[in-house]
1. What ranking, highest mean first, results for peptides 54-65, 141-152 when packing means the other Cβ atoms within 10 Å averaged over each residue?
2. What trypsin sites (Lys or Arg not before Pro) in segment 101-163 are in a loop by DSSP, with at most 16 other Cβ atoms within 10 Å of the Cβ?
3. Placing +1 at every Lys and Arg Cβ and -1 at every Asp and Glu Cβ, with all other atoms neutral, what dipole size does the chain have around its Cα centre, in debye to the nearest 20?
4. Expressed as an acute angle from 0 to 90° and rounded to the nearest 10, what is the orientation of the C-alpha long axis of helix 32-45 relative to the principal long axis of the chain?
5. Taking the Cβ of P57 as the centre, find all other residues whose Cβ is under 12 Å away and add up their charges (Lys, Arg: +1; Asp, Glu: -1).
6. So what does log10 I(q)/I(0) come out to for the chain at q = 0.12, 0.13, 0.18 Å⁻¹, using the Debye formula with one equal point on every Cα and no solvent?
7. Please compute the net charge surrounding D104, taking Lys and Arg as +1 and Asp and Glu as -1 over other residues with Cβ under 9 Å from its Cβ.
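No value in this document is a laboratory result; all are computed from the given coordinates. Keep in mind the model is a prediction, meaning the values are calculated, not measured. Note: ideal-geometry Cβ built from the backbone for every residue, glycine included; neighbour counts use all protein chains shown.
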Amino acid sequence: MVKYRRNFLPGGTFFFTVTLSDRTSTLLVTQIPILRAAFRTARAEHPFQIDAIVILPDHLHAIFTLPPGDADFPQRWRRIKSAFTHGVRKSPIHLPRGPTGGYDLWQSRYWEHTIRNEQDFANHVAYIHNNPVKHGYVTTPTAWPHSSIHHHIRQNLSKNKMS
């Protein structure tokens with residue numbers, strides 16, 4: 001078994017890619033209310049800031065910043081995945097069971113990258129916001145509804161009006 005090395009930086013900012021087991025699934029976008037509730041649950045129990053996010057049919061990308069002194073991003077992802085799975089199970093959608101008997105909804109691992117500086121942060125935000133275009137879902141990032149790009153644009157407009 002491969003031992004994954006994670007960079008547990010207290011108060012750090014991290015980029016993540018989290019994927020469903022079934023890469024043909026559209027559950028993340030068809031069940032957006034359940035996914036939002038899962039994020040709210042996780043943030044209420046273990047606070048973190050969502051700096052950027054995009055939800056695609058079968059995977060999502062996000063940048064989180066953890067509170068000072070806290071480096072436990074795995075707990076947050078366990079809670080998000082668990083709450084989403086539980087919410088989907090309560091719906092009429094059938095979830096297959098995996099070989100161990102658990103629900104086979106999420107890939108067990110996820111990609112994590114520690115954001116190193118402002119340029120790295122900007123590059124990853126751009127990657128997140130352009131991802132729906134990369135996958136051919138839309139022709140412009142603003143055309144995808146499940147993206148923090150809309151929040152970023154509103155935030156920039158508010159800042160410019162105050163100047």
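1. 54-65, 141-152
2. R109, R116
3. Charge dipole of the chain: 260 debye, to the nearest 20.
4. 80 degrees
5. -1
6. Debye intensities relative to I(0), on a log10 scale: -0.57, -0.67, -1.26.
7. Summing Lys and Arg as +1 and Asp and Glu as -1 gives 0.
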